[in-house]
Amino acid sequence: MSELMIEATDVSKSFGDVRALDGVSIAVPKGSVLGLLGHNGAGKTTLVNVLTTMLPPTSGEARVAGFDVVHQSYKVRSRIGLTGQFASVDEALSGFDNLVLIARLLGASKRQARDRADELLEQFDLTDAAKRPAKTYSGGMRRRLDLASSLVGRPEVLFLDEPTTGLDPASRLGVWETVEKLVSDGTTVLLTTQYLDEADRLADSITVLSQGKVVAAGTSAELKAQVGQRTVTVTLDSVSEVDTAVEALTGIGMHPVAEGRTITTPVTASRELANVVRALDERGLEPHDIALGEPTLDDVYMALAAA
Amino acid sequence: MATLTWQGSSYLTQVKVLTGRSLRKFVNSPALIFFSILQPVIMLTLFSQIFSSITATANFAPGMTYVNYLLPAILVNTAMQSSLQSGVGLVTDMKDGVIARFRSLPIRLSTILLARNLSDLVRVAGQLLLMITFGVLVYGFNPAGGVLGTLAALGLALVVGWGLSWLFLAIGSWLRNAELMQTIGFLAMFPLMFASSAFVPIQGLPGWLQVVAKVNPLTYAVDAARSLALAQPVTGVIGALTTSLGIAVVCAVIAIRGFRRPL
């Protein structure tokens with residue numbers, strides 16, 4: 001078994017009466033990507049903050065790159081990169097100056113700092129904007145600069161908290177390719193996201209958080225198998241029928257999730273499709289469309305988060 | 001990969017680099033420079049013109065020009081106002097996410113506060129020098145203490161501002177609310193400024209205000225700066241310096257503690 005670069009054991013974090021993390025354990029082997037999925041408020045950012053030494057855990061233990069996040073926080077911070085949900089760049093400084101500043105703080109000489117800054121600006125396609133203040137950057141450029149900032153010290157472990165939120169498709173793809181490149185070079189990555197395609201594409205294993213607890217963990221394929229092989233998607237004529245339909249499906253032991261006039265419910269076998277049709281028929285509902293779908297991570301996510 | 005590129009920076013480097021960053025931000029912002037220059041010019045112009053008739057009153061020392069009386073006081077006032085901006089600037093940085101980035105780096109958090117304090121000190125030193133130059137060239141500031149006395153007054157104002165800047169850094173790192181700080185700061189500063197010996201001799205104030213002015217620490221700082229610039233018998237310089245040092249030490253400890261709390 002390969003070396004663990006992130007290891008959290010029974011980590012809890014309370015803010016007053018609110019239990020943001022409740023006994024979370026994760027283990028991420030060197031050179032792999034863990035995708036942390038969950039709704040807003042599920043505890044993703046809190047977990048990232050604990051692992052990056054920003055917040056002390058209320059109880060439990062966590063080690064990153066082999067060092068304790070509470071007692072060896074300095075050593076942890078020497079080995080990690082963090083890109084938070086909001087771009088942490090100095091708006092008044094140019095992209096170049098931002099990167100030089102961080103390199104200098106990490107211990108680079110002036111020359112090394114300038115070289116590293118040039119290298120990263122090139123890598124993130126920011127060379128043309130290098131001398132402009134970061135406040136003139138577009139949202140996508142700012143995220144790229146933020147990501148570049150977290151890579152200045154060539155971190156062994158990279159934490160990405162919703163790195164592509166608010167990015168256009170081209171920029172998202174750029175971030176994905178960067179992450180894939182880093183991982184192929186041996187970097188370990190913990191990525192939080194609300195985008196399931198992102199986790200599906202990048203993550204070797206996925207942990208689903210809900211209300212501060214791990215509700216599922218495994219590879220993308222394992223999670224899909226765990227939740228059910230297939231899903232039935234029912235589209236109704238109007239939203240007013242949704243409640244009745246959800247009631248009908250719940251009545252036959254299913255776990256439907258409604259969104260707009262569409263209801264999705266996991267099924268274990270394709271013959272359950274007949275049960276769905278019958279249950280709806282008994283309530284006098286004639287769906288606009290019924291489809292049997294292969295499982296996607298969305299189904300996993302919705303089913304688990306709703307459970 | 002997975003090799004440590006750099007072994008971390010020394011405390012001194014951290015302070016130096018972060019101080020440089022704050023100063024560069026200032027230099028990069030023409031608007032900020034413009035208003036930093038404008039502020040002392042306006043202050044000096046307004047006060048020296050509005051209150052100049054005070055020289056005719058009974059409590060004013062005969063033969064003294066108002067600008068000579070006023071300028072040492074304004075040095076202290078400007079340093080005090082700038083110290084409030086120090087705390088507000090820290091809170092703004094915390095909001096912008098820059099501090100979040102610094103916190104994820106292997107650096108000592110106290111260097112961030114120290115750098116903010118030092119860079120603001122450099123900035124206000126520039127402002128005060130400018131104010132003195134303007135006072136000399138335009139309003140005929142010509143104190144008995146000469147260049148040395150004036151520089152001594154400037155140094156004293158800087159020490160007072162430096163101490164108070166730690167006070168506002170401490171408030172900022174616990175309060176973490178820029179608007180509230182501005183409000184509290186101005187509420188506290190106006191009485192401190194006017195209920196003191198800064199603009200008029202204390203003897204000319206109503207009785208109750210004289211009591212306030214006599215317990216107002218700013219009175220002592222202003223009197224000390226004035227005594228240096230005007231070559232009067234030196235009063236309260238040691239007191240002003242030690243008080244500032246005391247405030248700085250206590251507040252620095254409180255500031256660092258407050259700043260260490262998670263964002």
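Some notes on this structure:
- These residues, B:109, A:147, go from largest to smallest accessible area, 1.4 Å probe, as B:109, A:147.
- Full-extension gain in nm, residue A:259 to residue A:136, via 0.36 nm per residue minus C-alpha separation: 40.4 nm
- Extension gain, residue B:215 to residue B:52: 0.36 nm times the residue separation minus the Cα-Cα distance gives 56.1 nm.
- Computed with a 1.4 Å probe on the full set of protein chains, the accessible area for residue A:2 sits at about 60 Å².
- Protein-only accessible surface order, largest first, of A:17, A:204, A:243 at 1.4 Å: A:17, A:243, A:204
- Long-range amide H partners of residue A:81 with built H, under 5 Å: A:157, A:158, A:159
- Base-10 log of normalised Debye intensity for region B:11-260 (one unit scatterer per alpha-carbon) at q = 0.07, 0.12, 0.16 Å⁻¹: -0.24, -0.70, -1.17
- Three semi-axes of the equivalent ellipsoid, chain A, Cα gyration tensor, whole Å, largest first: 42, 22, 16
- Computed per residue of chain B from DSSP H runs no shorter than four, each worth -39500 (n - 2.57), the mean residue ellipticity at 222 nm is -26000 deg cm²/dmol.
- Chains A and B together bury some 3000 Å² of accessible area, summed over both sides, with a 1.4 Å probe.
- Share of pairwise Cα separations in the protein assembly as shown, more than 37 Å, in percent: 49
- Rounded to the nearest 10 Å², the accessible area of residue B:194 at probe 1.4 Å: 80
- Label-point gap, in nm, between residue A:181 and residue A:168 - each point 7 angstrom along Cα→Cβ: 2.0
- You can think of it this way: the chain between residue A:119 and residue A:204 has 27.8 nm of extra reach, that is 0.36 nm per residue less the Cα-Cα gap.
- Listed by chain and number, the aspartates and glutamates whose alpha-carbon sits under 15 Å from that of residue A:13, ignoring those within fewer than 8 places in the same chain, are A:22, A:61.
- In order through region B:220-234: 3J(HN,Hα) via Karplus (6.51 cos²θ - 1.76 cosθ + 1.60), integer Hz, x for Gly, Pro: 5, 5, 5, 4, 5, 5, 5, 5, 5, 5, 9, 6, 8, x, 5
- Taking a point 7 Å from the Cα of residue A:235 along the Cα-to-Cβ direction, the residues of region A:256-283 with backbone N closer than 11 Å to it are A:261-263.
- Relative contact order (%) - region B:11-260, alpha-carbon pairs under 8 angstrom, separation at least six: 28
- When the square roots of the Cα gyration tensor eigenvalues are ordered a ≥ b ≥ c, the ratio a/c for region A:140-204 is 1.5 or more and a/b does not exceed b/c, which makes its shape oblate.
- Heavy-atom accessible area ranking, 1.4 Å probe, most first, across A:26, B:171: B:171, A:26
- Simple label model, 7 Å out from Cα along Cβ direction - residue B:175 to residue B:31, nm: 2.4
- Counting DSSP beta bridges with both ends in the protein assembly as shown, the antiparallel % (nearest 5): 65
- Residues of type lysines that residue A:131 reaches as a straight line, Cα spacing below 16 Å, ignoring anything fewer than 8 places off in the same chain: B:25
- Probe 1.4 Å - accessible area at residue B:186, Å² to nearest ten: 90
The values are calculated or read from the model by the stated rules, or taken from the named source; none is laboratory data. Remember, predicted model here, so these are calculated numbers, not experimental data. Virtual Cβ from ideal backbone geometry, glycine too; neighbours counted across all protein chains shown. Each accessible area value is taken on the protein alone, full model and side chains, heavy atoms only, with ligands, DNA and RNA left out. Shrake-Rupley method; radii C 1.70, N 1.55, O 1.52, S 1.80 Å.
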